[in-house]
Each structure stands twice: as C-alpha cells, then as structure tokens.
1. Counting other Cβ atoms within 10 Å, which GluC sites (Glu not before Pro) in the range 183-273 have at most 13 and lie in a DSSP loop?
2. For PHE279 paired with THR160, estimate the spin-label separation in nm (one decimal), with each label point 7 Å from Cα along the Cα-to-Cβ line.
3. Identify the trypsin sites (Lys or Arg not before Pro) of the range 146-230 meeting these criteria: DSSP loop state and at most 11 other C-beta atoms within 10 Å of the C-beta.
4. Put a dot 7 Å past each Cα toward the Cβ at GLU218 and PHE33; how far apart are the dots in nm?
5. Ranked highest first by average number of other Cβ atoms within 10 Å, how do 82-88, 140-146 line up?
6. Figure the gain on full extension for LYS272 and ASP177 (residue separation times 0.36 nm, minus the Cα-Cα span) and round it to one decimal in nm.
7. Take LEU266, LEU42, LEU95 and order them by how many other Cβ atoms sit within 10 Å, fewest up front.
8. Under the 0.36 nm per residue contour assumption, what length would be gained going from the current alpha-carbon distance of LEU79 and ASP239 to full extension?
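Where a number appears in this text, it was derived from the coordinates with a stated rule and is not lab data. Bear in mind that the values here come from a model prediction, so they are computed numbers and not experimental data. Methodologically, a virtual Cβ is constructed for each residue, glycine included, from the backbone with ideal geometry; neighbour enumeration extends over all protein chains shown.
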Amino acid sequence: MNDFLNTYTNSAFGELVLNWIINHGVSIAIALFVAIIGKKFLSRGVEKMIRSIIKRGSGSKEAEEKRENTLIQVINGSLSVLIWVAVALIILSELGIAIGPLLAAAGVAGIAIGFGGQYIIRDIITGLLLLLEEQYRVGDIVCFGTTCGVVENITLRKTTLRDLEGTVHHVPHGGVDRVSNKSKAFARVNITIGVAYDTDIEKVSTVVNEVGSALAEEEEWKDRVRTAPQFLRIDDFADSAVVIRILGETKAGAQWEVAGELRKRLKKAFDKEGIEIPFPQRVIHQTVSKPKTKSKK
C-alpha cells in the first residue's frame, strides 16, 4: 500500500513539474536566452552605429575613440537595464504573479517618492548634458572640485573615478558643479625652480632650453612632447632663491611623467654646470660680550 502511494505521489509530482516546465519553464528559458543573445547583438549594433555616426572632428584619433567608447558604454548600460527589467516582468508573470497590480503599485509609489526622486532625475538630466557637451570621456583625468582621478565608468546617473592611490570615487552627476579636464586636446608642463641669487640667469636659461630640447627630440619622449619645455621668465624673488618658470606642451595626460623626467634631467644638468638649487637659509647674528675686568684699587 505504501509503495503504491509513494509511486502515485511521485508520479503526480513529476507530472506537475513536467507540466509547469512545458507551460512556464520553457517560456522563462526562452526569455532568458533571447535576452542574452539579444543583448550581445544589440551591443554590437550600438557599437557599429556609434562608430559610423560619430564624425571625426579636429581632435586626435585617440580622443575620438574615447568619445565613442563613452557613448557606447552609456547606451549599452541603459539598454541592459531595460532588457533585464522586461525579462524580470516575464518571469514574474510565468510564476503566476500578476504584474498589473505591481506596475500600478509602482506608479503610486513613484508619485509618493517623487519629491525624493528629484535628485535622481537631476542626476540623469545632468548626465545627458555632460555626454552631449562632451565635457569628459572614459579614460580622461578629471577633477570634480577637490576629487580627482581617471574616469573608469560613466552612467546616466554617476561617474566613477579612481585616484592615484587607487581609491574609487562615485560622483552623482547632480552634485557636479565644476569639471576640470586634464586630458583634453593637450596639456602643459609648468614648473618653477629656485636658483641661487649669485647665479648667472643667462646661463640658467641656456641650460634649461638645452635640456628641454634634448628631451623633446629623444625617440622615447618625442611622441609625448608637443613643444619643448623652455625658460619662460623670472617668476619671483624669494627669500633664498630667484624663482624661474619653465613652460612646455605635452600630449594630454603625459604632463606628469614629462615633468618628472624634466626635473630629473635639470637636477643632473645643474649639478654638472655648478648651478645651485638653494634651500631656505637663516643667518643668525650672535653678539659676543667681552668679559668684565676687575678694576684695581
């Protein structure tokens, strides 16, 4: 008797599972399959469309590729959200959950939290304007106020930066009131160095120009240097040094490595030519009092 009940129960359960798979499971599997395949095809289609629509401007090829990649990333991210929301609704429907009331409830909840959601709407609108105006792209080095880093990701709501220490910053677009892009078109090497007051400034100028020109002509660095760093002017008379300014143009994003290499070469050249880079000094005048002599009576 028990064997008969177990067999009947297992048979009924198996039939129930089989019916559910046929009537609902197949639909869910098809929805997931279509979503995955469709997302891949849509991603490729978006990439081809963006690269064919975007016209090459006066900027460099690398800058245009950054712009295209940024648009592709944002559009594909938005499409992915829409696709998976649609798949989630299909799965809920196949599971027997009525999605009509859920959509209605979502609409009521959306109205209820409308005032709180205004910040999200502001982020999205600002994100669209940032993309349309091409203020920055993925791979650019930017500063939002005091927060600086490399742009790793851009969505309609926020931008993700990674700074020099590796810290990741998520910045909502609505909170961005100023964008400083350090990777647009070109950059500059802008260095100030102090030399001793008794130094021949003409000699300093000659040495600086020779070092800058040699750096710009080297095979390793010439692709990163647009205009050779040169002596610009005497910038200040400081307490312990005459401050000179050196200026040159580099490829966007290469200003830091070029400036570092230039400083290293200037230090070697100054040491060789006997040009002193002074450090703060303080002269102390000490008065030595003479010992008192006893008077003879």
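1. On the way: sites: GLU202, GLU210, GLU217, GLU218, GLU219, GLU220, GLU249, GLU257, GLU261, GLU273; in loops: GLU218, GLU219, GLU220.
Answer in residue order: GLU218, GLU219, GLU220.
2. According to this spin-label approximation, the distance is 4.4 nm.
3. Numbers: sites: ARG157, LYS158, ARG162, ARG178, LYS182, LYS184, ARG188, LYS203, LYS222, ARG224, ARG226; in loops: ARG157, ARG178, LYS182, LYS184, LYS222, ARG224.
Passing both the DSSP loop test and the Cβ count: ARG178.
4. It is 6.0 nm.
5. Working: 82-88: 13.3, 140-146: 16.9.
Going from most to least packed, we get 140-146, 82-88.
6. Values: separation 95, 0.36 × 95 = 34.20 nm, distance 4.82 nm.
Computed gain between LYS272 and ASP177 is 29.4 nm.
7. Values: LEU266 22, LEU42 16, LEU95 10.
By the 10 Å Cβ count, ascending, the order reads LEU95, LEU42, LEU266.
8. On the way: separation 160, 0.36 × 160 = 57.60 nm, distance 6.13 nm.
Extending this stretch completely gives an extra 51.5 nm.
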